[in-house]
Every structure is written in C-alpha cells, then in structure tokens.
Amino acid sequence: MALTFFGKDPNSKLEDCPSVFVDDATADLVFQGWKADEATEAECRQVGSIPDTEAVVRIPARMAPLIRKALDDAEERARVL
C-alpha cells in the first residue's frame with residue numbers, strides 16, 4: 001500500500017501531529033488525528049456505535065485547506081478506478 005501525503009497540522013510540531021493522506025490504490029482518505037475524548041465519543045454514540053475496527057479522531061479546522069486538496073485528489077482518482 002502506498003499513501004500520498006497532503007500535509008500536517010500547520011500549528012503542530014513536526015512529529016506526532018494530525019495529518020491527511022490519500023490511498024494510492026483505493027483513493028480512500030486516511031487521517032491521523034488526536035484521539036477523541038470520552039465526551040466526544042459519547043456524543044458520537046448518540047447516532048450509532050463505534051465498532052472496535054473504527055476510531056473517532058479530531059482534526060483541527062485549520063487543516064481544511066489540506067483536506068480540500070486531498071478530497072479533490074481522491075475524487076479525481078476515484079473517477080479513474
């Protein structure tokens with residue numbers, strides 16, 4: 001598997017910070033983010049469960065430009081797949 005890296009949170013340190021990627025084979029978006037706290041997870045559970053195979057992560061709003069770039073790329077790749 002290969003991922004195309006789109007960027008990290010511009011206000012975080014260079015290591016261990018929220019990041020956004022696109023999977024080269026599937027065009028899926030891949031996010032690295034902060035683990036959600038219990039209150040956030042509880043709020044999410046009001047609309048459904050969180051299976052062991054899933055996680056709730058928090059991505060800062062300031063990453064919206066990077067996420068838009070990744071979304072555009074993923075959408076374009078998905079047309080080709």
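The values are calculated or read from the model by the stated rules, or taken from the named source; none is laboratory data. What you are looking at is a predicted structure, and each value in this text was computed from that prediction instead of being measured. With ideal geometry, Cβ positions are generated from the backbone for all residues, glycine too; neighbour counts draw on all protein chains shown. For accessibility, only protein heavy atoms count, side chains too; no ligands or nucleic acids. Shrake-Rupley method; radii C 1.70, N 1.55, O 1.52, S 1.80 Å.
Tell me whether segment 33-48 contains one or more residues that are in contact with a Ser or Thr (Cβ under 6 Å, 6 or more places away or on another chain) and surrounded by 12 or more Cβ atoms within 10 Å (Cβ to Cβ).
If we filter segment 33-48 for residues that are in contact with a Ser or Thr (Cβ under 6 Å, 6 or more places away or on another chain), which is where we start, we get none.
No: segment 33-48 contains no residue that is in contact with a Ser or Thr (Cβ under 6 Å, 6 or more places away or on another chain) and surrounded by 12 or more Cβ atoms within 10 Å (Cβ to Cβ).
All but one of (1) more than 21 Å from LEU81 (Cα to Cα); (2) open to solvent by less than 70 Å² (accessible area, probe 1.4 Å) hold for THR4, so report the exception by its number.
(1)
Just one of ASP73, ASP52 is in contact (Cβ under 8 Å) with a residue 60 or more places away in the chain and either outside any loop (DSSP other than H, G, I, E, B) or exposed (fewer than 11 other Cβ atoms within 10 Å of the Cβ) (or both); which is it? Outline the logic, then answer.
On the way: ASP52 fails: in contact (Cβ under 8 Å) with a residue 60 or more places away in the chain.
The unique qualifying residue is ASP73.
Taking into account only those residues within segment 23-32 that are outside any loop (DSSP other than H, G, I, E, B) and either open to solvent by 70 Å² or more (accessible area, probe 1.4 Å) or of a type in the set (Gly, Ala, Ser) (or both), which is farthest from ARG77 (Cα to Cα)?
Of the residues in segment 23-32, the ones outside any loop (DSSP other than H, G, I, E, B) are 23, 29-32.
Add one more test, that the residue is either open to solvent by 70 Å² or more (accessible area, probe 1.4 Å) or of a type in the set (Gly, Ala, Ser) (or both), and what stays is 31-32.
Numbers: PHE31: 17, GLN32: 21 Å.
Within segment 23-32, the match that is farthest from ARG77 (Cα to Cα) is GLN32.
Restricting attention to segment 33-49, which residues are touching a residue at least 12 places away in the same chain (Cβ under 8 Å) and either among the aliphatic types (A, V, I, L, M) or not in a strand (DSSP E or B) (or both)?
Taking segment 33-49 first, the residues touching a residue at least 12 places away in the same chain (Cβ under 8 Å) are 33-36, 40-41, 44.
Matches in segment 33-49: GLY33, ALA36, THR40, GLU41, CYS44.
Tell me yes or no: at least one residue of segment 15-22 is more than 12 Å from ILE59 (Cα to Cα) and open to solvent by 70 Å² or more (accessible area, probe 1.4 Å).
yes
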